[in-house]
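Data first, discussion second: the structure below is written as structure tokens.
The values are calculated or read from the model by the stated rules, or taken from the named source; none is laboratory data. Predicted model, so just to flag it, every value in this text is computed and none were measured. Neighbour counts run over all protein chains shown; Cβ positions are idealised from the backbone, glycine included.
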Amino acid sequence: MAKEDKIINNSFNTGDIDYEPFLSPIKVHESVSSRYKDNLNSNMIEQRTIKMLDEDLYELFKKSPYYEKYKNPKRVDKNDMVKIYYYFKEKLLKKKTFTTAEIFMAIAEFFQINYDQLYTEVGVLDKESLLKELNEKYNINSKIKAKRLF
């Protein structure tokens, strides 16, 4: 909004701007939207990390002793569930790129294992580590009343 200076007859800007609010969503044209798919998500870094983790997990899977048995999608045997988790967790943690919680979720998703079932099978130290990470990121201690065992 411009005002006039009464002494010099100059106009100046007061900093107050009259504008209409922009209420409609901003859209990327459909012809190029595939290029920006990950940019349209609010958690772009998290989405790219998950994609990279999935790719690394698949590459490890192709070279693993579990490839022949599980290359065609089928339910993971209960006896193999924990072995698979620790095998891939160890390999992925060496890269120091992913957190334990990300690895846990990626393995469960990749092998189509129920989170609760896998969580029940892993060791106490892993459970504590997962809870600690989730608490740091999402403050879950206020939502669940978990106490340290040791």
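For the reader, a short list of remarks on this structure follows.
- Residues being at pLDDT below 85 and either out of contact with any helix residue (DSSP H, G or I) (no Cβ under 8 Å at 6 or more places or on another chain) or in a loop (DSSP other than H, G, I, E, B) (or both) - total across the stretch 41-59: 5
- Applying the set (1) β-branched (Val, Ile, Thr); (2) under 17 Å from the mean Cα position of the chain (by Cα); (3) surrounded by 13 or more Cβ atoms within 10 Å (Cβ to Cβ) to residue 113 leaves exactly one unmet item: (2).
- Checking the stated criteria, residue 107 turns out to be modelled with pLDDT of 95 or more, surrounded by 14 or more Cβ atoms within 10 Å (Cβ to Cβ) and touching a Lys or Arg at 6+ places or on another chain (Cβ under 8 Å).
- Near pairs, Cβ below 7 angstrom, 6+ apart or cross-chain, from the stretch 12-38 (over 22 Å from residue 48 (Cα atoms) and modelled with pLDDT under 75) to any residue that is small (Gly, Ala, Ser) and surrounded by fewer than 10 Cβ atoms within 10 Å (Cβ to Cβ): 12/2; 13/2
Conditions (1) within 19 Å of the chain's Cα centre (by Cα); (2) assigned to a helix (DSSP H, G or I); (3) of a type in the set (Asp, Glu), marked per residue:
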site: 75; (1), (2), (3): no, no, no
site: 82; (1), (2), (3): no, yes, no
site: 129; (1), (2), (3): yes, yes, no
site: 137; (1), (2), (3): yes, yes, no
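- In the stretch 58-93, residue surrounded by the most Cβ atoms within 10 Å (Cβ to Cβ) [restricted to those that are among the hydrophobic types (A, V, I, L, M, F, W, C) and more than 17 Å from residue 126 (Cβ to Cβ)]: 76
- Residues of the stretch 42-57 satisfying the condition of being within 20 Å of residue 100 (Cβ to Cβ), surrounded by 10 or more Cβ atoms within 10 Å (Cβ to Cβ) and either in contact (Cβ under 8 Å) with a residue 24 or more places away in the chain or hydrophobic (A, V, I, L, M, F, W, C) (or both): 49, 50, 52, 53, 54, 56, 57
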